[in-house]
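Quick notes on the structure that follows.
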């Protein structure tokens, strides 16, 4: 029994280590289109919904510090890739105050979550529907 538990712990640790290594060596940042109750939306490579923040102006993010902790920016890691349903010419980046590059779409810096934030459609427009 102890041997079985030990093997399970070792395997769990190995899988966790491989997952972290894979994330650390991510060769691209992909933005794709996904279907939701709101219609077609933008999603990151993990399938998570991407949002725009209306306080972001002229292609630059105003979300830093605690804001960025709770609503993390989508940061460029490796090549920037347009996934299915996304217009490559609308993808871009903006330099954050800390020097990292945040992914933009149609000039909107992309974020992972937040109240007062909007889902972004593949056309580059915010979705204001209350169909959730």
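Before moving on, here are some points about what is shown:
- For a label point 7 Å along the Cα-to-beta-carbon line of residue 27, residues of the stretch 33-67 with backbone N under 17 Å: 45
- Contact order relative to length of the stretch 29-97, as percent, for alpha carbon pairs under 8 angstrom and 6 or more apart: 38 percent
- Residue separation of residue 36 and residue 97 scaled by 0.36 nm, minus their Cα-Cα distance, works out to 18.7 nm of gained length.
- Tensor-based shape of the stretch 28-127 (alpha-carbon gyration tensor, a/c under 1.5 rounded, otherwise prolate or oblate): oblate
A short reminder: the numbers here are calculations on the coordinates, not readings from a lab. Keep in mind that what you see is a predicted model, and the values were worked out from it rather than measured. Every residue, glycine among them, receives a Cβ derived from its backbone with ideal geometry; neighbour counts consider all protein chains shown.
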